[in-house]
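Below you'll find the structure, written out as structure tokens, and then a few comments.
The values are calculated or read from the model by the stated rules, or taken from the named source; none is laboratory data. It should be emphasised that the depicted structure is a prediction, and the values quoted were computed from it without experimental measurement. Here the Cβ is made from the backbone with ideal geometry for all residues, glycine too, and neighbour counts use every protein chain on show.
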């Protein structure tokens, strides 16, 4: 009997008429409440939830907990050692046999005012990425879906939170009950390396039992199609200082004789990666887990976006020779900054005293941060470098011809969940239903999110529900959220709440 009931539920979820009715109900609700939805995102962005403002983080956590309580959720606020609170919510659904945890983070990246066209915490609506400012409160809905709301964390991840709340409201207004028990985990330290997340999750492991984690972070595929992803690359940072003379020296008198640290830095980069972005450190990829047939097929089905992106970015070529997603499935060493000497009007004819390379390493499944560090350091030593972790003194400088100081930072491994599991199939079906057509399915997002922790602690599928526009400028000045993406996100979350089952 239980199998018959389960089969009936699966047919109900898959029923295209029922799914179309749900999309219509949700879309109608959104159309009738566009001003209120944008208003809530505007209100949330105004809360300064950044690491430099602990009071802002606490206030944002309290605001979000109140939003869940108002919707009938059991709630709690979890903190340790003065950390930003994790907001937890629970809503049980009578008869539901599955539980889904919806995760997002409410903190934003640090803000440097330079580069922003407006105050990062006073949201501004514009009619495009480089458009004119609009008084959206004076406009009558429906709003142009190409409008964008600018502000810190507008896309990363406050829009995901607003999409979740709005989707829940739309279901309630349509008298549709969820198909799953719903749990919410909204974190306030993700942009600060989630320093307390593991401790808090372990302390509340009983409350966090579920069948799937749904991650509301990241941008959609560059085709703008509604997207889900099954993992993310890992990440670790490295700042490397290369030492030259004790003082800057006239390059006419001493050039070609005193080693130039800027030139040594450039040489080292070309030894670590080639012109196609492929890592040339021996045995670096030995630990990499091969892609499955399902993952390769998913990549092949993605709509092509490369020509449009080349035009958008103003580039004539790409690295690697394969498509964008295939490129981001590989490990990467990205040079995020080089500093040595001076340029432009401040340039002088001198050999600089040092050069600093700032790199980030993107990891793929199979790699660990420990093994990556070991391989990089072994490579450097094989090339004749003396590796140190503190500034060398005069005696060390005289005794070692090539000295490099390494400062590793952060770090977590990659994750790719099984795309063929029953939970994965259920999420794909619900996402397609919410979109009313094909979606982009990514085996792994190119960016990095520390979702491996959820896998290590709870051993259930981890699947991403990104809704941000690909050009949202997250982590940078003028972060923004395109309204069409927010509307699509509401449909996606409503489908996960009302149609997810397996």
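Overview of results
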| item | result |
| --- | --- |
| First in the stretch 20-34 and under 15 Å from residue 497 (Cα atoms), second anywhere and not in a helix (DSSP H, G or I), Cβ under 6 Å, 6 or more apart | 23/436; 25/174 |
| Within the stretch 334-355, considering residues that are under 35 Å from the mean Cα position of the chain (by Cα) and outside any strand (DSSP E or B), the one surrounded by the fewest Cβ atoms within 10 Å (Cβ to Cβ) | 343 |
| In the stretch 264-294, the residues that are in contact with a helix residue (DSSP H, G or I) (Cβ under 8 Å, 6 or more places away or on another chain) and loosely packed, with under 12 Cβ neighbours inside 10 Å | 282, 283 |
| Residue list for the stretch 54-89, filter: touching a helix residue (DSSP H, G or I) at 6+ places or on another chain (Cβ under 7 Å), surrounded by fewer than 18 Cβ atoms within 10 Å (Cβ to Cβ) and assigned to a loop (DSSP other than H, G, I, E, B) | 71, 80 |
| Selected residue (only one of 180, 212, 185 is under 28 Å from residue 411 (Cβ atoms) and more than 17 Å from the chain's Cα centre (by Cα)) | 212 |
| Search result, residues across the stretch 229-263 that are surrounded by fewer than 19 Cβ atoms within 10 Å (Cβ to Cβ) and within 27 Å of residue 369 (Cα to Cα) | 237, 239 |
| Residue 425 outside the structural domain of residue 283 (by TED's automatic domain parsing) and either without any contact (Cβ under 8 Å) to a residue 12 or more places away in the chain or surrounded by fewer than 20 Cβ atoms within 10 Å (Cβ to Cβ) (or both) | yes |
| Some residue of the stretch 193-203 being part of a loop (DSSP other than H, G, I, E, B) and in contact with a helix residue (DSSP H, G or I) (Cβ under 6 Å, 6 or more places away or on another chain) | no |
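Quick grid of which residues meet (1) under 25 Å from residue 475 (Cα atoms); (2) over 22 Å from the mean Cα position of the chain (by Cα):
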{"residue": "42", "(1), (2)": "yes, no"}
{"residue": "45", "(1), (2)": "yes, no"}
{"residue": "52", "(1), (2)": "yes, no"}
{"residue": "59", "(1), (2)": "yes, yes"}
{"residue": "62", "(1), (2)": "yes, yes"}
{"residue": "74", "(1), (2)": "no, yes"}
{"residue": "80", "(1), (2)": "no, yes"}
